[in-house]
Amino acid sequence: MKTEALLKLEQSIGELKKEFISKIESGAQKVDSIRVEYMGKKGRLTSLLETLVSLPKEEKPEGGKLVTGFRTFISEKIEELKKNAQSSNISKLLSDSCVDVSLPVDSNKGSLHPIMHMKQEIIEAFHKLGFSYCDGPEVDFDFYNFQALNFSPDHPARDMQDTFFVDDKSASEPVLLRTHTSNIQIHTMLDRTPPIKIFAPGRTFRCDSDVTHTPMFHQVEALMIDQAISFADMKGIILWFLREIFGQDVTIRLRPSYFPFVEPGGEVDMRCVRCKGEGCNICKGTGWLEIAGCGMVHPNVLEAVGYDSERYMGFAFGFGIDRMAMLKYDISDSRMFYEGDKNFLSQFPIFLK
Ligand code: PHE
């Protein structure tokens with residue numbers, strides 16, 4: 001025989017269940033408020049638990065089962081309701097926000113990101129010089145990023161370029177995010193025959209982050225290969241290019257430097273655009289800004305792509321686009337480019353043409 005208390009519990013659960021079902025069917029109350037009403041600290045279920053306490057010991061297990069069964073029923077229903085509400089919210093959002101493509105364009109909306117604007121100017125300058133645009137993979141094999149560029153597997157210069165490796169077990173050699181745009185030199189030379197006169201802007205990746213370094217940044221590579229190309233040609237082109245971007249009063253100097261894929265190799269310094277050589281915080285008091293790496297393509301690189309290094313020669317140089325944009329637009333922290341902060345970006349009202 002069931003005690004009165006247990007019968008009362010069964011009855012209350014039955015009533016609560018009916019009430020709960022009619023509530024969710026009517027849809028008048030928000031799901032969350034139903035949840036609080038039944039499952040909250042002072043909710044209906046808690047008062048059922050109180051009745052449970054008053055049951056005689058031998059009926060407690062059965063009473064407990066009834067209450068837990070009811071609790072599971074309620075929480076499952078609420079979860080289901082929540083899911084339905086979410087998907088109908090999404091469909092409502094989608095139907096409310098449909099875009100009318102026939103509306104006239106508001107030409108005051110949106111601007112080019114400063115990096116993209118810088119890239120655009122670089123593209124125009126190279127086109128004026130007769131260089132053609134090239135592209136290349138951002139995820140590449142070690143061969144293109146290092147090996148063919150005269151970095152042997154244990155070459156210490158690899159350490160200068162903190163590399164992101166991609167975990168690709170099916171690949172026969174390391175796969176990586178390119179650390180520079182110089183991989184495009186190799187792709188281009190393997191695809192074409194000289195004369196070559198190309199430039200290639202693009203994203204590059206190094207495991208590095210501070211005010212002047214972000215893990216993703218942009219470079220532009222230039223490569224010219226023919227039968228009679230000199231270091232002086234390279235210097236003239238770099239100077240013309242920088243004057244086109246930063247103004248006619250630009251002066252440069254070349255310092256010897258080491259990159260395994262060029263010989264001789266150098267670094268290009270531009271007289272500081274801010275202080276004009278007097279010395280300021282941008283140029284750290286030196287009056288000069290380091291802006292590019294350059295040099296004559298190493299014979300080993302020409303041979304790696306099957307060119308006759310006795311017959312062909314050429315130069316390559318690489319600029320940091322983010323660095324150029326920082327100098328051009330007076331930006332002190334390169335990380336700001338990638339924070340998507342509207343206040344920062346709206347300071348560059350460079351509207352789409
Ligand atoms: N790839 C070099 C770097 O990222 C720059 C460079 C390009 C140097 C072409 C020489 C020639 O540092």
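FYI, it's all coordinate maths here, none of it is from the lab. Being a predicted model, the structure only gives us computed values, none of them experimental. Positions of Cβ are generated from backbone atoms using ideal geometry, with glycine treated the same way; all protein chains shown enter the neighbour counts.
In summary, LEU176 fulfils each of the numbered conditions (1) buried (at least 18 other Cβ atoms within 10 Å of the Cβ); (2) touching a Pro at 6+ places or on another chain (Cβ under 7 Å); (3) among the hydrophobic types (A, V, I, L, M, F, W, C); (4) free of Cβ contacts under 8 Å to residues at least 40 places away in the same chain with the single exception of condition (2).
Among the residues making up the range 293-317, those that are aromatic (Phe, Trp, Tyr) and away from the ligand (no atom under 14 Å from the Cβ) are TYR307, TYR312. Might you let me know whether the range 157-164 holds any residue that is within 15 Å of the ligand (Cβ to nearest atom), within 17 Å of ARG203 (Cα to Cα), assigned to a helix (DSSP H, G or I) and of a type outside the set (Gly, Ala, Ser)? Scanning the range 157-164 turns up no residue that is within 15 Å of the ligand (Cβ to nearest atom), within 17 Å of ARG203 (Cα to Cα), assigned to a helix (DSSP H, G or I) and of a type outside the set (Gly, Ala, Ser). Report yes if ILE196 is more than 12 Å from the ligand (Cβ to nearest atom), closer than 22 Å to PHE319 by Cβ and among the aliphatic types (A, V, I, L, M), otherwise no. Yes; evaluated as a whole, the condition is true for this residue.
In the range 319-339, the residues that are in a helix (DSSP H, G or I) reach residues that are surrounded by 15 or more Cβ atoms within 10 Å (Cβ to Cβ) and acidic (Asp, Glu) with C-beta atoms within less than 8 angstrom, at least six apart or across chains, in these pairs: SER334/ASP322; PHE337/ASP322. Of the candidates SER182, SER209, the single residue that is under 24 Å from LEU327 (Cα atoms) and surrounded by 18 or more Cβ atoms within 10 Å (Cβ to Cβ) is SER182.
Take THR193 and tell me if it is over 30 Å from MET326 (Cα atoms) and part of a loop (DSSP other than H, G, I, E, B). Spelling it out, THR193 is indeed over 30 Å from MET326 (Cα atoms) and part of a loop (DSSP other than H, G, I, E, B).
Considering the range 11-109, the qualifying helices (runs of 4 or more DSSP H), each wholly inside and each with 3 or more residues that are closer than 28 Å to MET1 by Cα, run over 44-53, 60-96.
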